[in-house]
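Structure record follows, encoded as structure tokens.
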Amino acid sequence: MRSIIITLLILVVAMNGFAQKDASVAFSGYKGNYIYNLFKPASPEHPDGDVVGFRLDRKAVTERDWQTLQKFNTPQSYVELLNNVSKAIPKVYEYNPATAYSVESIWPIFKKTFSYDSLSVYLTQQHMAAAFNILLIDSGINRNVAYQYRVIQIKRDNTEGLKYTTVAVNGSEAVNAAKPKIKSRLTRGGNFNITFKAKATQPITEALLIRRGEGMKSEFKRIETFYTIEQTADSIFYTLVDENVNAEQVYQYTITPVTRFGGGGKVISDTVSATLINKDLLLPLQFTATADSVTDQINLNWKFMRPELISVVNVFRSAEYEDGYENIGSSSSGFFVDRRSVTGRKYYYYLVINDKLGQHSLRSAKIYSLLHTAKRPSAPIYVEVQKTNSGNVISWQDFEQSTRGWYVYKTNQLEGKLVLSSEFIFKEEKKKDYSFTDTTKNGGITGYAVVSESLSNVRSDFLPIVYIKQKVGIIPVAAPTIVDAAKEGNKYHIFWRDDAATADLITGYNVYRKIDDKGFVKINKVALENAKSSHTDSVESKGFKIIYKIAALDQLGKESTSEEYVAAYESQVYPPVSLKAFLSGDKKLIRINWQPSQSRVSKYEVYRFTRGKEPVKIAENSGENVSFNDTTFERDATNYYYVIAKGLNGSLSVKSNQAFAGVVN
């Protein structure tokens with residue numbers, strides 16, 4: 001982008017006759033003021049018409065007379081350009097030997113035409129722009145003084161050609177930036193990966209000044225290392241990666257937002273400490289789990305060899321030994337109480353520890369515990385009975401995790417004796433709605449009760465008891481009509497009206513929701529009152545088709561027919577997040593992985609590029625595959641990656657964040 005700007009400015013100055021107007025081409029920087037020479041290249045051997053060189057003048061804004069700082073021309077030979085590069089490197093703000101373009105690669109291109117037409121990519125690097133005298137550097141400034149600069153064409157007869165004057169530049173001006181605060185600090189493969197977060201300001205920060213101190217009281221010095229600047233919504237994230245670190249050494253870091261030339265650095269971040277600690281010191285020496293049946297909880301306890309290093313202990317639990325572990329909480333003390341354990345179920349636990357410098361330990365050993373209780377479980381809820389051609393259908397719901405199954409009891413009189421009517425009905429994983437059909441002949445009134453049994457083989461009470469009696473003369477009610485489903489964030493406000501002919505016969509309502517091709521699900525636990533004409537539903541609808549229908553209930557609780565109403569169909573596809581890239585230990589492949597999109601996707605498209613080259617698609621993954629091994633990467637360059645998600649409807653997301661992997665030496 002900078003090269004395009006430079007080229008456009010050169011063309012403007014060269015083609016227009018108002019070059020003497022002030023121009024915004026001078027900037028405060030880390031080692032002085034930086035001024036752009038916007039004219040076409042010119043030298044005695046390769047003039048631009050009569051122009052054979054240039055002159056840079058300077059004056060303070062409070063002065064009237066100009067002072068000549070230097071006379072110069074565009075490099076005429078390989079040796080001259082090589083000497084200019086060696087002088088430019090110590091003066092520019094950004095220079096990375098690993099990615100810097102060399103004179104050997106640029107001079108053969110330039111000498112063909114002695115113009116900048118084919119050098120736009122190369123001149124984006126500050127040391128090359130300075131070597132070609134496009135970027136001029138005034139290091140002898142007083143930062144409390146505002147200066148103006150004048151760049152003048154010098155003709156072969158030593159007369160002046162076109163000229164332009166810059167606007168005033170003051171070395172004491174500060175970059176408009178909020179103070180960066182620490183967000184995360186990780187160690188990966190012996191490297192530090194530190195992320196700061198700040199409130200976004202305008203314009204967005206162009207560069208960072210990174211300082212590091214070795215030891216808790218040492219002097220902070222600037223280091224040149226890889227960093228990224230990313231803006232998300234109203235926040236800006238600064239991430240630095242420091243690969244030049246030693247084990248057991250404590251480092252401290254600060255960052256300062258600056259211009260692309262290193263100027264305006266007034267806001268300093270939080271100071272962040274980091275070190276490489278032997279992870280064996282983070283593992284617990286003792287780790288025990290004790291079940292407490294009185295309080296229905298499992299108590300976890302542990303001890304460490306070096307407790308002063310520990311910041312947070314993360315607790316993971318699963319009902320299976322091999323997999324299925326979830327983080328159920330954390331503790332900064334030597335114990336944790338699991339109050340969400342289900343009686344009668346064996347649980348396995350392990351720990352992952354964070355030290356005070358943000359590092360994660362290896363996984364601890366696994367332990368287990370089993371909780372039993374004599375406490376009665378809760379009875380099932382929403383027990384209903386309905387007469388069908390096949391018999392009386394008893395249905396219920398049970399959300400208790402400790403339930404093993406149910407028995408159905410019945411009686412043929414009000415408050416009569418309940419007798420067993422079913423075999424044991426086992427609970428199925430993740431199922432909440434259950435039913436049992438009584439196919440025996442029943443006359444008069446019949447009552448039913450569903451009794452749950454816990455994993456500790458303890459049964460619930462016989463409540464509630466529901467009755468059914470054959471009734472005649474009931475007029476069926478007409479279906480309500482949905483008139484609107486207004487969306488507000490993740491909520492839908494559903495409005496309906498009743499058929500006037502049967503409105504007085506309605507005793508309540510049930511609301512059903514359907515997402516895409518899945519079946520309708522009743523979203524109200526208890527029937528809505530008959531005075532209602534609206535209901536609010538909370539649901540994530542990203543990329544899904546949402547359909548509602550309303551059923552009215554008659555005097556027997558029987559539902560009316562219902563009409564479907566399409567509330568939303570959103571086609572936006574969200575990109576994958578947290579893209580990362582790692583060079584394998586044997587340096588034969590780069591491993592790319594990411595977190596899945598929030599949308600339902602059919603494919604992920606993986607793109608790669610290197611500096612100065614266009615991105616190319618290197619892979620298409622299925623929607624379930626969130627990683628890729630790149631074995632065709634360029635081994636002598638830094639490889640950059642991003643991923644695009646493709647929705648089920650063919651829509652494409654925006655690009656994910658970029659990730660990179662280093663050069664193979």
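The values are calculated or read from the model by the stated rules, or taken from the named source; none is laboratory data. The structure presented is a predicted model; accordingly, all values stated were derived computationally and were not measured. Here Cβ is always computed from backbone atoms with ideal geometry, including for glycine, and neighbour counts include all displayed protein chains.
Numerical summary
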| read-out | value |
| --- | --- |
| Candidates T290, T256 - the one that is farther than 21 Å from L309 by Cβ, over 27 Å from the mean Cα position of the chain (by Cα) and among the hydroxyl-bearing types (S, T, Y) | T290 |
| Of residues in the range 503-519 being modelled with pLDDT of 80 or more and not in a strand (DSSP E or B), the one surrounded by the fewest Cβ atoms within 10 Å (Cβ to Cβ) | G519 |
| Strands (runs of 3 or more DSSP E) contained entirely in the range 562-661, each with at least 1 residues that are touching a strand residue (DSSP E or B) at 6+ places or on another chain (Cβ under 8 Å) and touching a residue at least 24 places away in the same chain (Cβ under 8 Å) | 565-569, 577-583, 590-595, 601-609, 627-630, 639-647, 659-661 |
| I109 being touching a Phe, Trp or Tyr at 6+ places or on another chain (Cβ under 7 Å) and outside the structural domain of E224 (by TED's automatic domain parsing) | no |
| Condition check for A207: aliphatic (A, V, I, L, M) and within 16 Å of the chain's Cα centre (by Cα) | no |
| Among (1) part of a strand (DSSP E or B); (2) at pLDDT 90 or above - the single one K179 does not satisfy | (1) |
| Of all residues in the range 142-187 being under 30 Å from V51 (Cβ atoms) and of a type in the set (K, R), the one that is surrounded by the most Cβ atoms within 10 Å (Cβ to Cβ) | R150 |
| The listed residue being over 52 Å from the mean Cα position of the chain (by Cα), hydroxyl-bearing (S, T, Y) and crowded, with 17+ Cβ neighbours inside 10 Å, out of Y409, Y448 | Y409 |
| Which listed residue, of R404, R376, is under 28 Å from V526 (Cβ atoms), in contact (Cβ under 8 Å) with a residue 60 or more places away in the chain, surrounded by 15 or more Cβ atoms within 10 Å (Cβ to Cβ) and charged (D, E, K, R) | R404 |
| Enumeration of residues in the range 452-488 that are among the β-branched types (V, I, T), crowded, with 20+ Cβ neighbours inside 10 Å and modelled with pLDDT of 85 or more | I482 |
| Output for the range 218-243, where each listed residue is small (G, A, S) and outside any strand (DSSP E or B) | S218, A233 |
